[in-house]
Each structure stands twice: as structure tokens, then as C-alpha cells.
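Only one structure is covered here, and it is reproduced in the block below.
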Amino acid sequence: MRTTAHHEDTKHFEEHEEDYRRLFLRGFRTLRAFVKSRTWLCGLLVLSISGVSRAETIDRVLAVVAGQIITLTDVTAARDLRLETTDGAADPIRALLSKLIDRELILAEVERYAPAEPTAEEVERETARVRARFVSAEELAGALARSGIDDTHLRETLRQNLRIRAYMEQRFATADRRQELVDQWLAGLRRRADIIDLYLAGR
């Protein structure tokens with residue numbers, strides 16, 4: 001059964017998701033009115049509103065981290081598959097997005113130092129742990145569908161998580177005050193990285 005805490009997180013998440021979409025639509029309508037008043041930008045308007053799917057894609061971009069896009073779909077997947085926690089935050093989207101931004105920063109470091117690849121058995125064990133969080137295969141399938149990802153995408157995410165874990169264990173294996181050092185290291189990565197936080201800009 002799902003816990004009450006997870007139910008509350010989901011409720012708060014959906015409320016913030018709806019707020020975010022309303023903000024986007026309001027801004028988009030303003031942009032459309034602005035463009036309509038200027039004939040030399042009509043071509044841009046046609047491209048901008050040529051399809052609902054394109055507007056939806058823009059709606060879902062929450063951040064860009066060193067060229068890597070983080071979307072609302074990524075945040076939804078982290079929540080619904082319980083890959084990350086909101087820690088009871090008042091704004092669950094903000095909490096999850098911050099964790100996904102940090103994850104991208106760490107992955108960039110992982111790519112630089114290339115720790116050993118996880119085995120197929122290790123990936124399968126991680127996949128089994130995710131499956132065990134759901135009471136049935138149908139519930140898991142529903143979470144995947146809501147998240148807009150498939151089993152292959154999930155396995156790749158878990159593979160990268162294992163790489164991150166191996167890297168962090170190697171880098172901070174014998175360090176005292178480990179969490180303090182990790183926090184300082186992450187703060188340094190954030191300062192040096194090229195991060196465009198669109199969710200923050202839209203609040």
C-alpha cells in the first residue's frame with residue numbers, strides 16, 4: 001500500500017504542477033499577443049503555436065544543466081517511481097528538481113573519471129528493488145506510463161545511479177565528516193556549472 005506521506009507528496013506535486021502550467025500558459029498568451037502586434041514576428045508566432053505538442057515540450061523544460069535538459073517528465077518519474085524523495089518539502093517540484101540538477105552535475109564528474117561499469121546483475125537487482133515498491137506489475141506500468149518512460153529508460157537511469165554510487169564511494173570512502181564534504185563539493189560544482197533554472201525563473 002502507498003504510504004500517507006507519499007500520497008501527500010503526490011497531492012502537493014500535482015498542485016504545483018498545475019500552478020506551473022498555468023504560469024506557462026499565461027506567459028505564452030502574453031507572448032502571442034505581443035507577437036501578433038508586430039507583423040515582422042508573425043513567422044515566429046506560426047512556429048511557436050503550430051502544434052500543441054511543441055508548446056507542451058516547452059512547458060516541460062524545467063532546467064538545463066551543462067547542456068543536459070531536465071523536464072517535468074523527469075521530475076514526475078523521480079516522484080512516481082520513488083527514485084528521489086521530497087523530504088516533506090512545501091514545493092515538491094522544487095525539491096525534486098534540485099536533486100536532479102545535482103545528479104546531472106555528479107554525472108558529469110562520473111563521465112570524467114569513468115568508474116567501473118555496473119554489471120547486468122547489479123542493474124537487475126536495482127530494477128527488482130524498484131518493482132518491489134509497487135503492489136503489482138500493473139501499478140508499476142501505470143507509474144511508467146505517467147512518467148513517460150519505458151523499462152529501457154528506467155534501467156538506464158538505474159545504471160547511471162549505480163555509477164554515481166560507485167564514484168561517490170570511491171571519492172569519499174574514508175573521509176571524515178563525509179556529508180559535510182559532499183555538500184561542500186556539490187556547492188562548488190553548482191558555482192562552476194552552467195545551470196539555467198527555468199522553474200525558479202517562472203516562480
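Just so it is clear, none of the values below were taken in a lab; they were calculated from the coordinates. None of these values were measured; they are calculated from a predicted model. When we count neighbours, we look across all protein chains shown, and the Cβ atoms used for this are built from the backbone with ideal geometry, even at glycine.
Among the residues of segment 59-92, what is the count of those that are hydrophobic (A, V, I, L, M, F, W, C) and out of contact with any helix residue (DSSP H, G or I) (no Cβ under 8 Å at 6 or more places or on another chain)?
1
Please give the number of the condition residue 149 fails out of (1) under 17 Å from the mean Cα position of the chain (by Cα); (2) of a type outside the set (Gly, Ala, Ser); (3) within 23 Å of residue 66 (Cβ to Cβ); (4) in a helix (DSSP H, G or I).
Checking residue 149 against (1) under 17 Å from the mean Cα position of the chain (by Cα); (2) of a type outside the set (Gly, Ala, Ser); (3) within 23 Å of residue 66 (Cβ to Cβ); (4) in a helix (DSSP H, G or I), the one that fails is (4).
Given the options 77, 166, name the one that is small (Gly, Ala, Ser), farther than 19 Å from residue 190 by Cβ and under 12 Å from the mean Cα position of the chain (by Cα).
Answer to the check: 77.
Name the one entry in 111, 180 that is over 25 Å from residue 64 (Cβ atoms), without any contact (Cβ under 8 Å) to a residue 12 or more places away in the chain and part of a helix (DSSP H, G or I).
Going through 111, 180 in turn, just one is over 25 Å from residue 64 (Cβ atoms), without any contact (Cβ under 8 Å) to a residue 12 or more places away in the chain and part of a helix (DSSP H, G or I): 180.
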